[in-house]
Amino acid sequence: MFSRHALLLAAAIALAGCGSTQVAAAPAEQSPAVAAPALTITDPWVKTAKKGMSAAFGTLVNNTGAEVTIVSGASPLSPKIELHEVVESGGKMIMRPKEGGFVIPAHGTHELRPGGDHIMLMGVAQEVLPGARIPFTLTVKGGKPLEFTAIGKDFAGGKEDYQPGMGHK
């Protein structure tokens with residue numbers, strides 16, 4: 001018994017002296033960094049409507065170190081979409097196209113809300129019901145488009161109507 005152990009030990013020592021093979025530790029597996037998309041939108045929704053006009057809202061989030069500008073939008077729900085703002089003019093609040101689009105600051109947000117900046121849908125021919133899922137694509141100046149789905153939601157606050165004759169220019 002002793003001789004078998006001695007032989008194994010001697011063989012191990014002899015092999016160890018026969019060259020110095022270095023074994024490098026395998027590098028620890030690194031999981032690829034998951035980068036946040038450059039631009040996202042949180043809680044996107046569309047005001048329910050029978051037909052005519054509606055609007056989409058949410059909060060645009062810029063995850064980059066440079067400002068991002070949204071210049072236009074599209075959706076199968078509407079043949080014509082404009083980026084709008086609500087401003088005071090002649091003592092009245094009016095909606096109008098937002099000159100230059102929506103600018104989201106570096107690492108910042110831009111809220112789209114009733115009574116403020118919003119995505120205006122005109123010529124809506126199909127009823128938008130609560131819970132409807134409406135696809136959108138926003139065009140980003142010099143960047144990848146932002147695609148998202150907004151949910152139909154009833155909203156009666158602020159007497160928002162989004163119909164012709166409501167100060168819409």
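Each value in this text was obtained by applying a stated rule to the coordinates, not by laboratory testing. No experiment lies behind these values; they were computed from the predicted model shown. Counting neighbours? That spans all protein chains shown, and the Cβs are built from the backbone with ideal geometry, glycine included.
How would you classify region 60-155 from its alpha-carbon gyration tensor, with a ≥ b ≥ c the square roots of the eigenvalues: rounded for a/c under 1.5, else prolate if a/b is greater than b/c, otherwise oblate? Cα axes put region 60-155 in the oblate bin. For Asp43 and Val103, FRET efficiency with R0 = 22 Å and r from the beta-carbon atoms, rounded to 0.05? Efficiency, rounded to the nearest 0.05: 0.65. For the peptides 143-150, 39-46, residues were scored by their other Cβ atoms within 10 Å and the scores averaged per peptide; the highest-first order is 39-46, 143-150.
Listed by chain and number, the lysines whose C-alpha is less than 18 Å from the C-alpha of Lys153, apart from same-chain residues fewer than 8 away, are Lys47, Lys50, Lys51.
Amide H to amide H, with H built 1.01 Å from N, Leu39 comes under 5 Å of Asn63, counting only residues 5 or more places away or on other chains.
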